[in-house]
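Below is one structure, written out as structure tokens; comments come after it.
The values are calculated or read from the model by the stated rules, or taken from the named source; none is laboratory data. Not measured: the values here are computed from a predicted model. Note that each Cβ is placed from the backbone with ideal geometry, even for glycine, and that neighbours are counted across all protein chains shown. We work out accessible area using only protein heavy atoms, side chains counted, and drop any ligands, DNA or RNA first. Shrake-Rupley method; radii C 1.70, N 1.55, O 1.52, S 1.80 Å.
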Amino acid sequence: MKEENKEDLYELANHNHIADDEEDSNFLNDLDFIKLLVVTRKNIFWVISIFLVTLTGGFMYNRYTKPIYQSSSIIKLDTKEEANNLGLGLSKGTELINTTSLSGEVELIKSRLIYEKAAKLLNDKVTCYAYGDINYLERYKNAPFNVDYNVLNPNIFNHQIDVKLIDNMRFELSCSSLGWDKGEYLFGKIIEKDGISLKISLNLNNLISTELDKHYFFTINSLENQIDYLAKNTEVKIVNPEAKTIQIFFKDFNPEKARDAVKAIDSVYLNETLVKKFKAQEQTIQFLTDQLNQTEESLEDYELQLENFAKSNKTYDIKTDLGKSLAKIDDNEKLLNELKEQLESLEDLKKRIFDNNEIKPSIPSLIKVNDPQISQTIAQFNKIQADLAIILTSSSENTFAVHQKKIELDNLRSTTLSIILFHKKDIYDKILSLSDKINEYENKFTKLPSKDTELTRLKRFYTIYEKFYLLLIEKKAEYGISKAGTVAEFTVLSEPNYPSSPIYPQKSLIYLISGLVGFVISFILIVVKYFLHNTINNQGELEKSTIAPVIGVVPKYIKEKMEVSRMIVDKNPKSPISEALRSIRTNLEFIPTKDNIKKIISITSTISGEGKTFVAVNLSGVIAMSGARVLIIDLDMRKPKIHMAFDVDNDKGMSTILIGKHKLKECVHHTAIDTLDFITAGPTPPNPSELILRKEFDDLLKEMHKIYDVIFIDSPPVGLVTDGIIIMKKVDLPIYVVRAEYSKKGFERNINRLVNKNGFKKLTVILNGFDSNMRYGYGYQYGYGYGYGYGGGYYTEDNHEKVGLLEKIIRLVKR
């Protein structure tokens, strides 16, 4: 019943392991975090070293990089007019037209015009520097000496001239680029060189006693160099277009110089703005003056034309003359008509007189003639006719009285006709005179419209030029007042500041970048190591890739370097390795075999060096220390190691027993543990596989099985020769040893093949050489649910190796 329970337990564990393996197989293509942690752990020294190197580089960069300071000011652009404040009421033309945009102002600030004047204002003609251990420092406004010069050759500019202060009286001067050899000179004395006269005076106010015997150099800067210096370090940008604000930046290694440069640019720009505004106003006023002169000339010309027109036409009012002319024509025509009526009346009177008709005073002809002489003559004519009629009533026509009256009547008729004829001639003369006047007035009338048009034109141009002339006078006065009242409201919203901290290098940012660089390099290193890393590292990784159960993990032995595998459990029974092997011993008891009391166990691996001999020797020692009789057999006859583990000769052993040269008892060696014996491999035979296949080997195993409770066979690696597989078929329990960080990935395929194809269903795996500081897996340490751990009382201080920091670093490097 007990054996059945053990078999059920083993099958259940194997089934659960296969199920877990199938579940975990979905993640085989994913990133292996355990492997990543292992790789990181193995390369932690290099990761830390890379971070230290990059951070050290950042520190050195911050330490020896010259800091750059930046000063800035914010200005508001506007033009404020004060003309209206004078109470003149000038509402038009008082604002200057802004001919440039903010972008234009930015370009003006960045122009050579501004830089040239700012360079002169900054007065940085001579720049002095003090040599340092690595960098040099500008002595701005605190140079220990002053330089006066007169440059005759422009090639002298921009050269580094070295100065060494000897004492308060003397100094050394040299310039390799100009070919000046080192010479000793006195302060305050003129030094004549090719193309330049120099005088260097000691500035005691800026001289510290410790600065004597120090090295300096200075450069005499050309104007072009000063302009380039300002242009390269100045930045101008628009802050707020609506508010018309511009910010000016300047960068330099000296904070005070950066501030002074911004002040100089602000000052020059202010002056240039005022000059530009005044110039624009002056140009406007000059334009108005020129227009005034031209307009005045035109106005005088039209005044003269109007004067000549008035002289020639004797009037300025053509329309009034036109009306008068029409009135005169009408009046003369009325007179002409009256004369014509009078002429007709005279003809009527003449006819009546010829006809001897009585002419009554009321007849129209006599009324229209309205001449006293004619009226008197007609009255006499009527009276004589009346008298003649009276006479004829009483006398005949042949009487004297009648005859006398008729003669008197004929004479009066002749006289009347003469008077009428005279009046007719006078009327004719008047009619002709009136006709001429009417023609004259009509001729004048026809000419009056063209003269009126000419006069209108002259008056119109005269009025236009007169108004324009008055407007120009007004505008000139307004612009003159505007010029007097204009201030460039170049408001400095933020004065140039004295930078207290540099903008570059930003130490925190440099350290951050250094850390990022270190992280990137470390990450690349880990990634490369990750993809190049192809060894099995931990129990979890091994369990995921094999179908055979892992019965235990043997920690790495780091106390000392072992050239060959040796037994250590007898000397350190409470060490982590001993505890791990005891855990494996316990796990082996739960694996059912034919004879649960006595077992034959083979231990193999894929290749040599995975620690199968170490595991075989020490596991057998642990089991022997529990009271069982244990025998170790070295069947790795091609590369035997058991004899080296116990430090004995290998002149006889399994090979000589199997060929019948020696007996079993002759070849058995005893150890310090009473219940532990071993048999070496013996001399290497030419055909180890054939010896194992002999019946003598099976008989030998039976004989050993009678004597010993547990037989451990150190078999050859199955990945190199077939001896191991032949031996595994003859044992109760085969064990496969895999060495952490040594066995290649792919070796687990050998284990799976042995289980699936060769039918070794009871094959178990031991992970050897696991680093005790790397506890990666499924939430436990070395056991597979068996409760092993070396921190729960088994690990004592006596067995703990005290390792110093240097030794730990060396071990990290070796990994």
So which residues in segment 236-291 are at pLDDT below 85 and open to solvent by less than 20 Å² (accessible area, probe 1.4 Å), if there are any at all? Thr273, Gln281, Leu288
Take segment 640-673 and flag every residue that is out of contact with any helix residue (DSSP H, G or I) (no Cβ under 6 Å at 6 or more places or on another chain), crowded, with 21+ Cβ neighbours inside 10 Å and among the small types (Gly, Ala, Ser). Ser655
Can you name every one of the strands (runs of 3 or more DSSP E) wholly within segment 179-224 that holds 2 or more residues which are surrounded by 15 or more Cβ atoms within 10 Å (Cβ to Cβ) and aliphatic (A, V, I, L, M)? 196-202
Please return the ranges of helices (runs of 4 or more DSSP H) entirely within segment 674-780 where 3 or more residues are surrounded by fewer than 19 Cβ atoms within 10 Å (Cβ to Cβ). 688-693, 695-707, 747-756
Selected residue (criterion: surrounded by the most Cβ atoms within 10 Å (Cβ to Cβ)) from residues of segment 43-95 that are part of a helix (DSSP H, G or I) and modelled with pLDDT under 80: Asn84
When restricted to Ile329, Ile318, the only residue modelled with pLDDT of 70 or more and closer than 21 Å to Asn439 by Cβ is Ile329
Answer from Lys405, Lys451, Lys437 - the residue that is surrounded by 15 or more Cβ atoms within 10 Å (Cβ to Cβ), in a helix (DSSP H, G or I), touching a helix residue (DSSP H, G or I) at 6+ places or on another chain (Cβ under 8 Å) and at pLDDT below 70: Lys451
Show me the strands (runs of 3 or more DSSP E) found entirely inside segment 96-170 where at least 2 residues are open to solvent by less than 50 Å² (accessible area, probe 1.4 Å). 126-131, 145-151, 161-165
